[in-house]
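Chemist: Have a look at this one before I ask anything.
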Amino acid sequence: MKLFRQFAHKKFGIFPFDSADSTEANDAVYQPYIKILFLRKDSQITIDFNTYKLENDALFFVNISQWYKLSTEDNVTNGALIYYNREFFCVEVHDREVSCDGILYNNVYEIPVVHLSKEQSEQVNSIIKEIVQEIKNDEHPVEEMLRVLLKNLIIKATRMWKSEHAVDAPEVQSDVEFIRQFSRLVDMHFKTEHSVAGYADKLSVSPKALHRRLTKFGHEGPNELIKKRIILEAQRLLAHTALSVKEISHDLGYNDPAYFVRLFVKQTGISPLEFRKKYYEKNI
C-alpha cells in the first residue's frame, strides 16, 4: 500500500511492496524524487547500467538523475521504497548533520549500496515500520517526525557504509572526508569543469596532491573519475532521452561534438549511437 503525505511543497512517501506489486515500484512517477530502496535477499535491481543480484538484504540510495529498474522476472523482489523531494529533505543542505553526500548520494566511485547483516536489516526494518505508522498519524508534528526518522535512517546507513568499506577508523577519517568532498564537487560541476586542476583549486590543493589522496586507497585518479562521471551522464541521456549526440555534447560542456564522440569511444569502446542502439535492443 502506497502512503504519501504533502506538507505545502514538501512531499514524502513510502511504498512497502512484495513480489506481487513490485512492478509498481518502477513507475516513472517516482523519477522526480530522491529515493531509498530497501530490498530483501534474492531481489535484483539495475541502477544506471549496473545490475545487482542480492545475496543479503540491502539499501540503495538513488538520486533524481539516476535510473533504476527492479527485476520482476523471478517473482522474488520485495522490500520498500522511500521517496521524497528536495523541499522535504535536501541532501546538500542537511549534509553537515548527516555527512552522507558524496557517500550515499553523488558517489563518483560506485552506486551507493549498503549490504546489511541480519541485525542491521532488522534495524532498518524497524525504522521503516515507524515511518509507516507515523505517516498514517494525523497528530502534530507528523512532518518533523518523518524527517527525524528519515535522518535517522540516513545516518545509520552512512555508518554502515563506512564500516562495510573499512573507512570508519579515526586515522582515515580525514581522507574519507576529502574523497567525499571531491565526489560532491564532481557531481556539481562535471558539466562545466573537466580539468583536474579546476577541482584541485576548489579543494585548495595541488593537482598532484589531489591525485595522491584519491589513489591512496586504490581508487582511480581524478582525471579518470571526472571522465567516468561525464560518460555516465552521456549514457543516461542516450538511453533515456531523444537528444541528439550534438545536443548531449553541448549539454556536457563540449562545443566540439567530434571530440566528445572520441572521448566516449575511448571510455566505452563504442560510439554514442552504437550505445543507444544496443541499449534499446536490450530493453525491447
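What follows is calculated from the coordinates using simple rules that are stated; it is not laboratory data. Remember, predicted model here, so these are calculated numbers, not experimental data. Glycine gets a Cβ as well: all are built from the backbone with ideal geometry, and neighbour counts include every protein chain shown.
Chemist: Can you tell me how much longer the chain between VAL132 and SER19 gets when fully stretched, taken as 0.36 nm per residue apart minus their C-alpha distance, in nm with one decimal?
Modeler: Gain on extension, VAL132 to SER19, equals 38.8 nm.
Chemist: How do ASP42, ASP138 rank when sorted from fewest to most other Cβ atoms within 10 Å of their own Cβ?
Modeler: Arranged by neighbour count, lowest to highest, ASP42, ASP138 become ASP138, ASP42.
Chemist: What residues have an amide H closer than 5 Å to that of LEU116, excluding those fewer than 5 places away on the same chain, when H is modeled at 1.01 Å from N in the peptide plane?
Modeler: ASP57, ALA58, LEU59
Chemist: I've got another one for you. Would you work out if region 3-164 is rounded, prolate or oblate? Take a ≥ b ≥ c from the square roots of the eigenvalues of the alpha-carbon gyration tensor; rounded if a/c is under 1.5, else prolate when a/b is larger than b/c, oblate otherwise.
Modeler: rounded
Chemist: When ranked by the protection proxy of mean other Cβ atoms within 10 Å per residue, highest first, what sequence do the peptides 56-63, 208-215 form?
Modeler: Values: 56-63: 21.5, 208-215: 16.2.
The most tightly packed comes first, giving 56-63, 208-215.
Chemist: Using a 7 Å offset from Cα along Cα-Cβ at LYS2, what residues in region 79-93 end up with backbone N under 20 Å from the label point?
Modeler: Of the residues in region 79-93, 79-89 have backbone N under 20 Å from the label point off LYS2.
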